[in-house]
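**Q** I'd like to ask you about the structure that follows.
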Amino acid sequence: MATNQDNGEAAEASSTVTIPSRPKRQAVIQRKPIVLGEYATDSDESEGSRLERRRLMELEALDSSDKFQPPSRAKATPKTRKPKANAPKKAPTKASTNASPKVSTKVSTKASMEASQEFDSDEEAAREELYGQDPDEMSLDEEDSDEEGASDDEDEGTGPTTPTKKNAASRIRTAKQKKLKSMNTPVALHRRMIRRMKDISYWGDHEVDPMALKRKEMARPFIYDISAPARAHVGKMLDFDAEKEAQELARGIYIERMTPFQEIILLDRVADAEKIAKYYWQVPKKPLTLLLGPFTKSGQQKKFQLKIHESVSLTAPDLFHGKNGWVINCGNEIQSLDWATRQDGRDNQFLAIGTKFQEAKPAIKDLPPGFAPCVCPSQIQIWRIPISKSNTAPKPPPTLDHTLLTDWGAPTEIKWRPGNAPIKGKGIVGHLMALFEDGQARLVEVKEHPPSPSPSTAPIYKLTEPMQTLYLNDTLFTVFAWINHHTLAFGCANGSVAIYDLNVTLPGREHLPKSYHYIAASYICSICSLAPSFPDMVATYSMDGSFNMHDIREPGISNTLSHRTRTVAMSTPVAWCEMAQSLCYPEDLSGVLCMGIRKAKKSGGFLCSNNPGDTIAASTGCGTGLHPFLLNGGRDGKVRIANLVRKYFYSKCQAMQQVWFQLEYAPTTGFFRMLDGFKPEMVVHRNRVAVGLPFYTYHTNITKVGWNNNLGYGTWAAAGTGAGLVRVEDVSLDVHQATPAIGQNNAKAGEGTDGGNGAGSDVEMEMD
């Protein structure tokens, strides 16, 4: 008897709930009244069941502490069950005394869980009746419809209730309670706060900017596209209204006013042969030898002989059946290129390519070449690219629509007037702004011509007078960027930035800029507008090593110098990605840095590509960009594609990049080789300053890259090289939907205008 009495006293002592020693947890638990009578059990309860009951009580106390309580009202008193009347205890029978302790433990544990669930439901009902539904619970969108249906049927009591249904309903309610408890813990609240701060730093505050969440949801589908964008995701737009944009484009009154001032002269290839000859090579050049395609079993590739203005299709025999694109020989080093805008829904897209065949000479000998105007014969080639949508027949090769000859030096920058609304004028491709080596910018109207059967019959024009010429007498324009349909920002050689509004300029006159301020101490080598999210913000990089961002309304006061921890190359490009809300620019010689606009002062960002970053480009179509991928070309002959938003959604994931192609050159043989089929690779930090940077020949240098910004063709990209080769290709992941089936290529592919050599020989390239 003494032994049984001691065991009972020990059970009663152990059944009491002990409060943890941690002060924060103790304060949380003491906020909720604990009714021990609801959880009182027999002394036969095991130690494991007591620990389980104690854990449930602590979770309930922690959960109730985070419930929504209006401060101006009194706290609701929880409804508790009425205690049962004191009844005389029955003497234990022989069966009960001989029962297994495991059975009693299970029964007591189940009873305690049911009691706790019923207590919670009564308390929540009383609180909702007094204060309404908890706002945290109202925002939950993760509940399962099947579970809700099961719980509703159980509560209504329709149909016979079996122990199996009761157990299932109790498990469902327990799962919901655990979910609510896990979302209301201090750790969960802290994580939600950190996530909110991260969203604000990347996409903006949705309470101030309603487009912040829309931009985030628009970029979310691209987080799984590692190597290239998918066409299914590119077709989605944010809020693009073609009619509204057409009305805004119609406000550009300068187009109708300046069109009559443009003068072009059609040259005859026979009568004006001497005039045309000075715009090309003075010495005859041999056809360019290119090795292209996959390697055979003997380690060889297909050999092609490309003359000037000839092309080879990537779907030619023995080449790539899963690609869609061409390689074009433009004749000499590519100075600039850009896809024509406002071409939505057309099967033919237009690509403007600037090149020159002679070296420019400074007009003033006393000044350095970078600060003196340079003139030489140059060209602007307008190419017609036969792009069509998916599931179409094989397409013809690209053709040269026409050529514009100029005497103002090489066109270092070519950018079409932004927009996506179709052009109403018949036969007009669009309007482009070109910056030449003489330091002046010229607006040119480009018209479409009938397709020519061969490049030798394409029309050639001499551009004598453009629509409008912008210049300053005391300095030269070095770079420029479109801010909107009629406003441009120019970077100058003296470190200043000039803003022009074309609606207030008149042809044939020198006009003072709308805004003119000194931003840097030296030559500005790159400029970028942050429109449309920040239409008044401009980012510049100058030769003095400074990276600045300023507001064009108050450039002196708002000038922000971004913190840089490494040295940079002298020709650093800058690109703005609207969908990722980030600026991209090379950092050191190791790669390209992607920096959020709201982290400019903190030097925040991540390395998105390992290429030196001699030229970069981001998508700007439809105002918000068609995808968040970056093209990055370098002097090593490689063009890389990097996803800019994957790192934002998963900050701990490894940044990846995909090599689109690589161009190599062998000086001993004069052969060029283009390599494909690279695997995605990780972006790693490399200190090339300490290791050493190799030297490459200018033939393999990637001079310009660009995305097609027209809706429906956002996955098409173009890359120009120092050898005069331009690769145009659809780099989307589902490109096979737009390519012909295997076996549809005829025997003439790779010949004639495709630049093939007929049968085609397999040649192994000798590299030095």
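**Q** Hey, can you tell me all the residues within the stretch 200-234 that are surrounded by fewer than 16 Cβ atoms within 10 Å (Cβ to Cβ), out of contact with any Leu (no Cβ under 7 Å at 6 or more places or on another chain) and not aliphatic (A, V, I, L, M)?
**A** Hits for the stretch 200-234 are D205, E207, D209, P210, E217, R220, Y224.
**Q** Identify all residues within the stretch 409-447 that are assigned to a strand (DSSP E or B) and of a type outside the set (A, V, I, L, M, F, W, C); write none if there are none. Talk me through it step by step, then tell me what you get.
**A** The initial filter retains those residues of the stretch 409-447 that are assigned to a strand (DSSP E or B), namely 411-416, 428-436, 441-447.
Answer for the stretch 409-447, where residues must be assigned to a strand (DSSP E or B) and of a type outside the set (A, V, I, L, M, F, W, C): P411, T412, E413, K415, G430, H431, R442, E445, K447.
Here's the yes/no breakdown for (1) buried (at least 21 other Cβ atoms within 10 Å of the Cβ); (2) over 32 Å from the mean Cα position of the chain (by Cα); (3) among the small types (G, A, S):
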residue: G354; (1), (2), (3): yes, no, yes
residue: K365; (1), (2), (3): no, yes, no
residue: I380; (1), (2), (3): yes, no, no
residue: D407; (1), (2), (3): no, yes, no
residue: A410; (1), (2), (3): yes, no, yes
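**Q** Just the residues that are in contact with a His (Cβ under 9 Å, 6 or more places away or on another chain) and modelled with pLDDT of 90 or more, please, taken from the stretch 315-365.
**A** I328, N329, C330, G331, E333
**Q** Do you know which residues across the stretch 268-324 are touching a helix residue (DSSP H, G or I) at 6+ places or on another chain (Cβ under 7 Å) and more than 30 Å from T406 (Cβ to Cβ)?
**A** Across the stretch 268-324, the qualifying residues are S313, A316, G322, K323, N324.
**Q** Now for a separate question. Does the stretch 235-254 contain any residue that is modelled with pLDDT of 85 or more, touching a Leu at 6+ places or on another chain (Cβ under 9 Å) and on the phi < 0 side of the Ramachandran plot?
**A** Taking the stretch 235-254 first, the residues modelled with pLDDT of 85 or more are 254.
Right, trim to touching a Leu at 6+ places or on another chain (Cβ under 9 Å) and you get 254.
Right, trim to on the phi < 0 side of the Ramachandran plot and you get 254.
Yes, that holds for at least one residue.
**Q** Residue under question is A340, and the condition is that it be over 29 Å from T406 (Cα atoms) and crowded, with 22+ Cβ neighbours inside 10 Å; does it hold? Can you show your working first?
**A** Details: over 29 Å from T406 (Cα atoms): no; crowded, with 22+ Cβ neighbours inside 10 Å: yes.
No, not satisfied.
**Q** Okay, moving on. Show the residue pairs meeting these rules: Cβ distance below 9 Å; 6+ apart or different chains; first residue within the stretch 448-467 and farther than 20 Å from Q349 by Cβ and part of a helix (DSSP H, G or I); second residue at pLDDT 90 or above and not hydroxyl-bearing (S, T, Y).
**A** Close Cβ pairs satisfying both conditions: S456/R269; S456/H309; T457/R269.
**Q** Name the residue that is surrounded by the most Cβ atoms within 10 Å (Cβ to Cβ), counting only residues in the stretch 549-577 that are basic (K, R) and modelled with pLDDT under 85. Please lay out each step first, then the result.
**A** At the first step, the residues of the stretch 549-577 found to be basic (K, R) are 553, 564, 566.
From the residues that got through so far, the ones that are modelled with pLDDT under 85 too are 564, 566.
Working: R564: 16, R566: 12.
Taking the candidates together, the pick is R564.
**Q** Next question, about the same structure. Consider only pairs whose beta carbons are under 8 Å apart and that are at least six residues apart or on different chains; among these, list those whose first residue lies in the stretch 259-273 and is surrounded by 15 or more Cβ atoms within 10 Å (Cβ to Cβ) and whose second residue is assigned to a helix (DSSP H, G or I).
**A** L267/K275; L267/I276
**Q** Of a type in the set (S, T, Y) and not in a loop (DSSP other than H, G, I, E, B): which single residue out of T315, T289, T296 fits that description?
**A** Numbers: T315 fails: not in a loop (DSSP other than H, G, I, E, B); T296 fails: not in a loop (DSSP other than H, G, I, E, B).
Matching residue, one of T315, T289, T296: T289.
**Q** Could I ask something else about it? Here are some conditions: (1) modelled with pLDDT under 85; (2) under 30 Å from the mean Cα position of the chain (by Cα); (3) farther than 30 Å from L405 by Cα. A219 meets all but one. Which one does it not meet?
**A** (1)
**Q** Could you list all residues from the stretch 347-362 that are free of Cβ contacts under 8 Å to residues at least 40 places away in the same chain and out of contact with any strand residue (DSSP E or B) (no Cβ under 7 Å at 6 or more places or on another chain)? Full working, then the answer.
**A** Taking the stretch 347-362 first, the residues free of Cβ contacts under 8 Å to residues at least 40 places away in the same chain are 348, 359, 361-362.
The answer is E359, and nothing else.
**Q** Could you check the stretch 545-560 and list, in sequence order, the residues that are over 13 Å from S526 (Cβ atoms) and over 26 Å from the mean Cα position of the chain (by Cα)?
**A** Of the residues in the stretch 545-560, the ones over 13 Å from S526 (Cβ atoms) are 550-560.
Across the stretch 545-560, the qualifying residues are R553, E554, P555, G556, I557, S558, N559.
**Q** Would you mention how many residues in the stretch 661-679 are exposed (fewer than 13 other Cβ atoms within 10 Å of the Cβ) and either touching a residue at least 40 places away in the same chain (Cβ under 8 Å) or more than 20 Å from I641 (Cα to Cα) (or both)?
**A** Step one: list which residues in the stretch 661-679 are exposed (fewer than 13 other Cβ atoms within 10 Å of the Cβ), which gives 667-668, 670, 677, 679.
Now narrow it down to the ones that are either touching a residue at least 40 places away in the same chain (Cβ under 8 Å) or more than 20 Å from I641 (Cα to Cα) (or both): 667-668, 670, 677.
So the count comes out to 4.
The values are calculated or read from the model by the stated rules, or taken from the named source; none is laboratory data. Everything numeric here is computed off the predicted structure, so don't read it as measured data. All Cβ positions, even for glycine, are placed from backbone atoms using ideal geometry, and neighbour counts span all protein chains on display.
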